[in-house]
Amino acid sequence: MGPMDYSLLLTAWMTGFLGGTHCIGMCGGISAALSFALPAEMRTSHRLFGYQLAYNAGRLLTYGILGVLVGLLGQHLIAPLAGMMWLRLVAGLFMVAMGLYLAGWWNGLARLERIGGGAWRLMDPLRKRLFPVNHPLKAVLVGGVWGFLPCGLVYSALTLSLARSDAMMSGLLMIAFGLGTLPFLLVTGTMAAELRQILQRPGVRQIAGLLVILFGIWTALPFLKGNDHTGHAKQMDMPAATQNSGSAPEDMHQHHHH
């Protein structure tokens, strides 16, 4: 893994962590409900924590699989057609949209969540079949289904994984994102009310949103820089009539740098 991969993993983790304000609102209730889905004798503190870990392990497994799938899609289909830099721009814009959503300044991603709601409802029969949760493996399976919950934050992380366009790295990016959300979802069962009140405060959400917007701009920077360079190269080396069509050939790009 190169420095770029480590910085992308950090971006994915931070997106999950800063999105905790959104997770508490959206998944906190599910996390608490899954605790109550356990038989009473299993709700002792250490066993409850173990089951919460199992639920979240299933959720992270789903994220990892989705990451591998979008990585393969990007690698073999989208990147050859659109180019990696365009994918970075899309991922950056998605993260900016997520930051605006977290801060409560723009709710465009809520529409995407509603679209995903249809697929989520189709999973109802599967979810019902897995209850009651009386075995750790069942908890992992329930968590795996939970991973498909329509969520703008997950969609943002998936576009970042798509931009990386590498099956293994894209899977790791989604797991890093999931690990970022983990602290909030593990504690919601025990101190949900107090934590939710703090994290749902407008000031806290706005700071988190602003930071995610900054990460989005950082993600899109390679596209903006690349475009700037090719633009200069075109102006220096291409005839006026062709300046507005196509991209500068690679040797022109290199010539400009030297």
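The values are calculated or read from the model by the stated rules, or taken from the named source; none is laboratory data. Here the structure is a predicted model, which is why all the values come from computation and not from measurement. Don't worry about glycine lacking a Cβ; one is built from the backbone with ideal geometry, like all the others, and counts go over all protein chains shown.
Residue pairs whose Cβ atoms lie under 8 Å apart, sitting 6 or more positions apart in sequence or on different chains, and linking a residue in segment 197-220 that is assigned to a loop (DSSP other than H, G, I, E, B) to a partner that is at pLDDT below 90, are Gln200/Thr21; Gln200/Ile24; Gln200/Gly25. May I ask you to verify whether Ser35 is in contact with a Lys or Arg (Cβ under 8 Å, 6 or more places away or on another chain) and buried (at least 18 other Cβ atoms within 10 Å of the Cβ)? The answer is yes for Ser35.
For segment 1-45, the set of residues classified as under 15 Å from Ala176 (Cβ atoms) and charged (D, E, K, R) consists of Asp5 only. For the residues Gly104, Gly99, the requirement of being over 22 Å from Lys225 (Cβ atoms) and among the small types (Gly, Ala, Ser) singles out Gly104.
Just one of (1) of a type outside the set (Val, Ile, Thr); (2) within 13 Å of the chain's Cα centre (by Cα); (3) modelled with pLDDT of 80 or more fails for Tyr51. It is (2).
Going by what's in this entry, would Leu81 be described as without any contact (Cβ under 8 Å) to a residue 40 or more places away in the chain and among the aliphatic types (A, V, I, L, M)? The answer is yes for Leu81. Would you check if there is a residue in segment 48-68 being surrounded by fewer than 19 Cβ atoms within 10 Å (Cβ to Cβ) and free of Cβ contacts under 8 Å to residues at least 60 places away in the same chain? No; the residues of segment 48-68 include none that is surrounded by fewer than 19 Cβ atoms within 10 Å (Cβ to Cβ) and free of Cβ contacts under 8 Å to residues at least 60 places away in the same chain.
If you go through segment 3-20 and keep only what is over 13 Å from Met174 (Cα atoms), of a type outside the set (A, V, I, L, M) and crowded, with 23+ Cβ neighbours inside 10 Å, you end up with Gly19, Gly20. So is Arg88 closer than 30 Å to Lys128 by Cα, at pLDDT 80 or above and not aliphatic (A, V, I, L, M) or not? So Arg88 fails the test.
Going through (1) among the charged types (D, E, K, R); (2) closer than 27 Å to Gly2 by Cα; (3) at pLDDT 90 or above one by one, Lys138 falls short only on (2). When residues in segment 69-84 are screened for being under 20 Å from Trp218 (Cβ atoms) and either touching a Leu at 6+ places or on another chain (Cβ under 8 Å) or surrounded by fewer than 16 Cβ atoms within 10 Å (Cβ to Cβ) (or both), 2 of them pass. For segment 116-136, the set of residues classified as among the aliphatic types (A, V, I, L, M) and in contact (Cβ under 8 Å) with a residue 40 or more places away in the chain consists of Val133 only.
Do we find a residue being of a type outside the set (Lys, Arg), under 18 Å from Leu149 (Cβ atoms), assigned to a helix (DSSP H, G or I) and at pLDDT 85 or above anywhere in segment 21-39? No: zero hits.
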